[in-house]
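Scroll down for the structure; my scribbles are underneath it.
The values are calculated or read from the model by the stated rules, or taken from the named source; none is laboratory data. Everything numeric in this text was worked out from a predicted model, so none of it was measured. Cβ: placed from backbone, ideal geometry, glycine included. Neighbour counts: every protein chain shown.
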Amino acid sequence: MKRREFVAAAGALGLLPMAGAASANQAAERAILELRTYQLDTPQQREGFETFCREAAIPALNRLGIGPVGVGASELPDAARELLNRAGK
């Protein structure tokens, strides 16, 4: 599977739960969703990224009227990480 196909499929699967909510409320405003992933290998990288998001990025986006903005973390099993690494090549 090529990277673009994988990203498109993964993105579509991630948006499926929201499809029902969007179609239920036809008068809702348009929304733009952006999903970014970062691979942080050390605790220091994770801490720095979390601090940047909390103290700089999210407040700046909110000042521009962009929101709500959310940041989350997940731990991937080694097999899933290997699959994503191969898909990115």
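Scanning segment 47-86 for residues that are under 25 Å from ALA31 (Cα atoms), out of contact with any Cys (no Cβ under 6 Å at 6 or more places or on another chain) and not in a helix (DSSP H, G or I) gives LEU64, GLY65, ILE66, GLY67, PRO68, VAL69, GLY70, GLY72, ALA73, SER74.
Take PHE49 and decide whether it is under 17 Å from the mean Cα position of the chain (by Cα), at pLDDT below 55 and of a type in the set (Phe, Trp, Tyr). No; evaluated as a whole, the condition is false for this residue.
Scanning segment 27-46 for residues that are assigned to a helix (DSSP H, G or I) and over 18 Å from the mean Cα position of the chain (by Cα) turns up PRO43, GLN44.
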